[in-house]
């Protein structure tokens, strides 16, 4: 089975500005990848090229084995832009019906009901878009992106307008999509969300991917912290294996130990370091 998304040496230039500088990225079926980076890094450009909305200057992008922008590639993906606006007078069901017509989906009301249930809007199928909160419209947008059962889903800031309950709903939805074998490329500034749901993270800075890997591999151990009766002591160079010996030595020396914590860098710290190192002078 071909990769859901295969990007090879992708370059894009807007006049004197080089938005993408040789990006390589591969997403396998059922994989959930977080694409993070500062504003202007090239994230949206990459997504738009994959959708066929923007032409690359060089390199290749294939969606499920087909060239990006081709009819076959477009039929295999769903897309939710960061800034979108639906007609206020449409009901939720009518909006999905319109997108079924545009995508060629023939599953009718059954698909609409399934998607509205999936994003927690079953009771709002007859509600007009103009009366919905921004969070509800965001979830409706995700349902729209899923019309036609795409194998690749491109989401640009899908949880930015959601409250904690709404973000929890979307996290559950992404997990169910992974179980169905749907690949998701998640473009987001909410690093905590990316760390919670993504199998792999790619950090894009100044048009280049400067770090890539599973969140738990990108973050690194930062020693051990031991809470005692006399205060907290830190051992920044200690490894996981050395922790029992450290605690045993402290106890033998008469210290009262209340808690032991393994310290790790957060994805935010890794991201900030990557941005500092990856930005041009």
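Using the Kirkwood formula on the Cα atoms of the chain, what hydrodynamic radius do you get, in angstrom to one decimal?
On the way: mean 1/r = 0.0479 Å⁻¹.
After inverting the pairwise mean of 1/r, the radius is 20.9 Å.
State, as an integer percentage, the relative contact order of the chain based on alpha-carbon contacts under 8 Å between residues 6 or more apart.
Details: 546 pairs, mean separation 58.4, N = 281.
In percent, rounded to a whole number, it is 21.
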- So for 51, 198, fewest C-beta neighbours within 10 Å to most, what's the order? 51, 198
- Task: Before rounding to the nearest 500, sum -39500 (n - 2.57) across all DSSP H runs of length at least 4 in the chain and divide by the residue total; then give [θ] at 222 nm in deg cm²/dmol.
- Result: -10000 deg cm²/dmol
- Tell me the label-point distance for the pair residue 21, residue 9, using the 7 Å Cα-to-Cβ offset, in nm and rounded to one decimal. 1.8
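Rank the residues 12, 134, 48 as a footprinting-exposure proxy: fewest other Cβ atoms within 10 Å of their Cβ go first.
Working: 12 22, 134 10, 48 18.
Listing 12, 134, 48 from fewest to most nearby Cβ atoms yields 134, 48, 12.
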- Message: As I understand it, the value is the acute angle between the Cα axis of helix 134-145 and the longest principal axis of the Cα atoms of the chain; what does it come to in degrees, rounded to 10?
- Response: 70
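Quick check on the chain: of the DSSP beta bridges with both residues there, what percent are antiparallel, nearest 5%?
Just about 65 percent of them are antiparallel.
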- Note on the structure: Measuring from the longest principal axis of the C-alpha atoms of the chain, the long axis of helix 243-252 (C-alpha) lies at a number of degrees, nearest 10, equal to 30
- Note on the structure: Expected max-MSF residue from 27, 211, 262 in the GNM of the chain (alpha carbon, under 10 Å) is 262
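Relative to 2.2 N^0.38 Å, what does the C-alpha radius of gyration of segment 136-281 come to as a ratio? Two decimals please. Let's see the in-between values first.
Values: Rg = 20.6 Å, N = 146, 2.2 N^0.38 = 14.6 Å.
Relative to the 2.2 N^0.38 Å estimate, segment 136-281 comes out at 1.41.
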- Taking springs between alpha-carbon atoms closer than 10 angstrom, which of 215, 244, 150 fluctuates most in the Gaussian network model of the chain? 244
- Message: How far apart, in nanometres, would the label points at residue 128 and residue 225 be if each is projected 7 angstrom from Cα along the Cα-to-Cβ direction?
- Response: 5.3
- With label points built 7 Å along Cα→Cβ from the Cα atoms of residue 72 and residue 259, find their separation and express it in nm. 5.7
- Note on the structure: Listing 129, 260 by rising number of other beta-carbon atoms within 10 angstrom, fewest first, gives 260, 129
- Message: Just to be sure I understand: with springs between alpha-carbon atoms less than 10 Å apart, which residue in 195, 241, 269 has the highest mean-square fluctuation in the Gaussian network model of the chain?
- Response: 241
- Message: Suppose the chain between residue 273 and residue 90 were pulled fully straight at 0.36 nm per residue; how much longer would it get relative to their current alpha carbon spacing?
- Response: 61.4 nm
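State the volume of the convex hull built on the alpha-carbon positions of segment 221-264, expressed per residue in Å³ and rounded to an integer.
55
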- Message: Could you tell me the center-to-center distance, by alpha carbons, between segment 201-259 and segment 51-85 in angstrom?
- Response: 42
- Query: Pairing the Cα long axis of helix 164-179 with the longest principal axis of the chain, what angle in degrees results, from 0 to 90 and rounded to the nearest 10?
  - Reply: 80
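Every read-out reported here was derived from the displayed coordinates using simple, explicitly stated rules and does not represent laboratory data. Bear in mind that the values here come from a model prediction, so they are computed numbers and not experimental data. When we count neighbours, we look across all protein chains shown, and the Cβ atoms used for this are built from the backbone with ideal geometry, even at glycine.
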